[in-house]
């Protein structure tokens, strides 16, 4: 099932290089259609949202924004065990993100007060997909960091929200719910309509149309990232249990046909054992039809021979999820430059990070972990620099400031300093 490449094979470096560019999404393919959707929403607002929802989802949109009392009543209809599970996960997620609070700073030197003020954005839009599966966990993982940051208005956009999704919204601190999906949802959040007041930031994963829309509205609003297909990279030494490794690979493969289940082993024998287990576990996986395509088309294994090469390959791939099933995972982790979230040791399934460990599961994909970070409280705040000079301080620094201003040919700048002498 997996495409296995051993170090030294001609195809090894070629496959690794191709995978390192997996984040080069073909957004241009859908960009013309997405531009039309966004233009329609910007120009015709709710009317366009209703037309687009009927065209793409085959349903009449009764209300763009759900009545607050109505959606909260619907949330209460979720089964008690669901409510309890969501609340337990939410408590852990909130506790983790409280460690990310930034209160800013201020200090004084030579009569100059310098600092940084940190405040939450006024409004954030969180998007939760509604395609092949429902993701109340994504509501928790996007809205709770915003809530901890102190964002006063948190708008959830998701198509046909279920009681479970609405229960997650209520627990997470969501203040508004709009019944929208796809690029049109991103347009409504970014531009605003008569039913949806625009937000300052849009976060959350979605399909290629959602990703393209987020890229196109960036600058009108801020965004978290351009999310691609989900992915996991497992590094397994010969002591790792093949059944556990295979289960971790399939936990991502079942997301989507385009998901990447990736593996690094230290021997061909271990690669073959895991591959056999993948085939066996696929047999009765409920989402077999999806996972099977993912494994067949996007599943790769690199047989590296030693941990140094394993670290090099893992750093090159910069995976969204990195599971280190090796004897000394902490030591290997220190040798790897980039990953979205790391799962250390045999007893740490990636699924724990998806649901209740604590960190947000909204992570950089496609190798973006080289320069991007998991969604967090820091994504929902704006920072402002502050500067205050005393009279003595501006006199002491006037020569320096005027010299630098005139160096750049900006006499007006220099005179603004000189006027204060």
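Being more than 18 Å from the chain's Cα centre (by Cα), under 30 Å from residue 208 (Cα atoms) and surrounded by 21 or more Cβ atoms within 10 Å (Cβ to Cβ) is the requirement here; does residue 152 meet it? Show your work before the answer.
Numbers: more than 18 Å from the chain's Cα centre (by Cα): yes; under 30 Å from residue 208 (Cα atoms): yes; surrounded by 21 or more Cβ atoms within 10 Å (Cβ to Cβ): no.
Taking the combined requirement at face value, the residue does not satisfy it.
Find the helices (runs of 4 or more DSSP H) located wholly in the stretch 207-289 whose residues include 2 or more that are in contact with a strand residue (DSSP E or B) (Cβ under 9 Å, 6 or more places away or on another chain), at pLDDT 95 or above and over 18 Å from residue 303 (Cβ atoms), and list them. Let's see the steps before the verdict.
Details: elements: 208-217, 242-253, 268-282.
Those helices (runs of 4 or more DSSP H) span 208-217, 242-253.
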If you scan the stretch 32-78, which residues turn out to be at positive phi and either part of a helix (DSSP H, G or I) or within 27 Å of the chain's Cα centre (by Cα) (or both)? 45
On the basis of being in the same structural domain as residue 199 (by TED's automatic domain parsing), under 29 Å from residue 256 (Cα atoms) and assigned to a strand (DSSP E or B), does residue 124 make the cut? yes
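Of all residues in the stretch 158-169 being buried (at least 24 other Cβ atoms within 10 Å of the Cβ) and touching a residue at least 40 places away in the same chain (Cβ under 8 Å), which is nearest to residue 62 (Cα to Cα)?
The first filter runs over the stretch 158-169 and keeps only residues buried (at least 24 other Cβ atoms within 10 Å of the Cβ), leaving 158, 161, 165-169.
So of that shortlist, the ones also touching a residue at least 40 places away in the same chain (Cβ under 8 Å) come out as 161, 166-169.
On the way: 161: 13, 166: 17, 167: 21, 168: 22, 169: 20 Å.
Among those residues, the one meeting the criterion is 161.
The values are calculated or read from the model by the stated rules, or taken from the named source; none is laboratory data. Just so it is clear, the model here is predicted, and its values are computed rather than measured. Don't worry about glycine lacking a Cβ; one is built from the backbone with ideal geometry, like all the others, and counts go over all protein chains shown.
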